[in-house]
Each structure stands twice: as structure tokens, then as C-alpha cells.
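Below is one structure, written out as C-alpha cells; the observations come after it.
The values are calculated or read from the model by the stated rules, or taken from the named source; none is laboratory data. Remember, it's a predicted structure, so these values are computed and weren't measured experimentally. In this analysis, Cβ positions are derived from the backbone assuming ideal geometry, glycine residues included, and neighbour counts consider all displayed protein chains. Surface accessibility is based on the protein's heavy atoms, side chains included, excluding ligands, DNA and RNA. Shrake-Rupley method; radii C 1.70, N 1.55, O 1.52, S 1.80 Å.
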Amino acid sequence: MSYQIYAHVLPSATPGTERVIKAHYFGGAGARPKVYMQAGLHADEWPGFLVLNTLLRLLKKADAAGVIQGEIIIVPVANPIGLAQNFHGYIPGRFAFSDGGGNFNRHWPQLGAKVEKRIKSEISGDVEANLLRVRQAILEELSLLPETTELQGMKKTLLALSMDADEVLDLHCSGEASMHAYVAQEFEGHFRPLLALLGAKVGLSELETGAASFDETNVSVWRDLKGHYAHLMPWGTRSLTLELRGENDISNEFAQQDAQALFDYLVLRGVITGKPPVINDSELVYYPLDAMDLVKAPCAGIVCYHKAIGDEVEVGEVIGEVVNLMDDDVETSSYPLVARTKGILFARVQRRLVVCGESIAKIAGREHLAFREMGHLFED
């Protein structure tokens, strides 16, 4: 048995306070493949908490049976800072209240240039040696990151746990949504079995979004180096962001279903010994992220949807309406939400009171949309 739990203490933000990131370790340290999973980086997105908690039970049984061949690190609660932002019973955990504010999943430290400076004179024709040297250089650069503030300490801790993993799975959710994922174009084929096991029908495919998110940061070094050294540099890490349906899609049934899918994926990748699962990916479709229509509220008011999650929509089709509560003429106070692409309505905000101009629904399409700017494909 190799199961261990480590508590990583963050810098104290105020006198008398201390927050901890708890990481669950399975398998031998340094064993391969290594897979890292976390949930709740956006601290108001909770389905992943229960999913990883359920997965831990499966992994403890696998550990007791001696069938874990690789290394697995699970962080079920990745953002204790955001969880502490309890404001009169609400936890607005997407943005930090302190340390300059901002989205917890944006602007993570980019190490590509610094790592290349360390290793460029050591690159050889030995791909495996290059892989090991880059991983070492990443850890060396991570050790130099500042951790003066609590948020800096949290980002440094999570990256130190994840950046030498072969695969990184970051678990999130949307307001109301079907199961979907954000996947780098280079990894579409690699992660196709995982999405199929989870029952996802929508994958959003991109190169770089410009967000410097957690999952992008884990692969950014390798993407930079492959751009310079091509075949001499392998993918040392592959990562993606999983969106586990909607905020309220939390139940033992969903958790058991999703945890089993993640466990089966670990078997498929050889991290756990067992019979590989049968993969049926016939319903999964990848859509370009720059073809995703962000439907915006034309005014402030109450939104009423005419289309359900998972419905197909056509260009120009009305998917709902926003009722302007301040219009003098109630007969003309409804403003339509019009689809600008043909595709699948896969996500929308949960609350029904919306702000003028905010993105309130997402439609996955196949054709590039001119108004979607490459390099800035995410809104905060």
C-alpha cells in the first residue's frame, strides 16, 4: 500500500489564519504514467468535489489490491482561498477578493522562456533525455516563483504538484450545461476516450486562448519548446479542462458515474492494472473554440429560454428572450436571443436575472466566427 496524504500549507494572509491544500498520493513517487487531478479551482463550482471524493474510495481499494502501477495525485479541494469568500451565505469563488482580484483560473505563471534558457545548450538527439531535463528545469523554475501572498503560494503549490505529470485533469462546471471539455487541438485524439467514457458529446478545441489558465500553463512549456525543437521534444504533459455539467448537477449517482469513468480511464492509460474499458466515441464531436457563439443579453432583465441544453439550433433562430423590466410598454418589453451560428446549445448561466451585454449562453458551432478573436477566446 502506498496511499499517503500531504497537507501543503499556504502563506498566512492575516494573523491567526492558515489555509491548507490537501493532496492524496497513490502509487510510487516517480512512477509513470503520472496523472494529476484537481477540483474547485473556481471555488463556486462544486460537482468535482464529490466526484473526486468518490474516486478516492475507488483508488484506495485499488491501492489495497496492489494494482496501481503509476502515480496519481488527487487534490479534491484546490482553492481554499476562494471557498473562504463566504459573503452572507454566498460563495463568489470565481474571482479573488484580494491579491489584486481577478479570475482564479487566469494569468498563471508562464515558464516557457525561462525553461528554454536553462536547457537550450543541453538539447540532444535523445528525446527521453530531453524530456527528463525539461522536467527538471520546470521544477527548478517553479522553486523560484514568489510565494509572498496566499494566492501566489496556492498557484505555486498546485503547479509543483501537476507540472511533471503526464496528464493533468482540471475539473470545473458551468452554470447549466451538458458534459463538455476544453481540449488543446494537439490532444483531441488523446483525450477522446476520456470524453467518451464521461458521456460528453461536445469538446471545444483550441490552440491558445490567451487566458494563461491552469491547464494551458501545464502544457505551455512543452508547446513553446516543440515550436523550437520539433521532433526532439515530446509532449511531457497533456492537459484539459473538464466541465462536469452544471452547478446543481451534484448527486451520488452523477459522482459514482463520473468517478468510475475517471477510474476506467486510468486503467486505459496503464496507470492502474485491469481490463481496459470499451470505448464508444461515436457521439463525441469536437468544435473549434473560435466557432463558439457567446450569446449576449441585449438588455438587463429576466431571461426565458426557448431551447434546452443539448438542442440543435440554426443561424438566426431565437433561442430565448430577455424581458426588460423597466420598459414602459410591457407589450414590447421582450428582446430576442438570436443564434449567430448553427450548432448545439450546450451551456448557459444558471441565474435568470441577467446584465446587459453579458454572455449568457454558449452554442458550439463548426464554422469560424469573424467576431471571435483568436488569442482572446475566453471571457472572465
Across the range 101-119, the tally of residues that are in a helix (DSSP H, G or I) and of a type outside the set (Asp, Glu) stands at 7
Residue by residue through the range 280-307, note down the ones that are among the aliphatic types (A, V, I, L, M) and under 19 Å from the mean Cα position of the chain (by Cα). Leu284, Val285, Leu289, Met292, Leu294
Give all pairs with beta carbons closer than 8 Å in which a residue from the range 113-134 that is over 15 Å from Pro234 (Cβ atoms) and free of Cβ contacts under 8 Å to residues at least 60 places away in the same chain meets a residue that is open to solvent by less than 80 Å² (accessible area, probe 1.4 Å) and among the basic types (Lys, Arg); count only pairs at least 6 apart in sequence or on separate chains. Glu122/Arg133
The one condition in (1) closer than 30 Å to Phe191 by Cβ; (2) part of a loop (DSSP other than H, G, I, E, B); (3) not small (Gly, Ala, Ser) that Pro298 fails to fulfil: (1)
All positions within the range 25-55 that are assigned to a strand (DSSP E or B) and surrounded by fewer than 20 Cβ atoms within 10 Å (Cβ to Cβ): Tyr25
What number of residues within the range 144-167 are of a type in the set (S, T, N, Q), crowded, with 17+ Cβ neighbours inside 10 Å and outside any loop (DSSP other than H, G, I, E, B)? 2
Residue by residue through the range 120-136, note down the ones that are assigned to a helix (DSSP H, G or I), surrounded by fewer than 20 Cβ atoms within 10 Å (Cβ to Cβ) and more than 23 Å from the chain's Cα centre (by Cα). Lys120, Ser121, Glu122, Val127, Glu128, Ala129, Leu131, Leu132, Arg133, Gln136
Looking at the range 282-302, can you tell me whether even one residue there is at pLDDT 95 or above, closer than 22 Å to Tyr182 by Cβ, of a type outside the set (Asp, Glu) and exposed (fewer than 13 other Cβ atoms within 10 Å of the Cβ)? yes
Which one is nearest to Ser178 (Cα to Cα) among residues in the range 325-350 that are of a type in the set (S, T, N, Q), open to solvent by 30 Å² or more (accessible area, probe 1.4 Å) and outside any strand (DSSP E or B)? Gln350
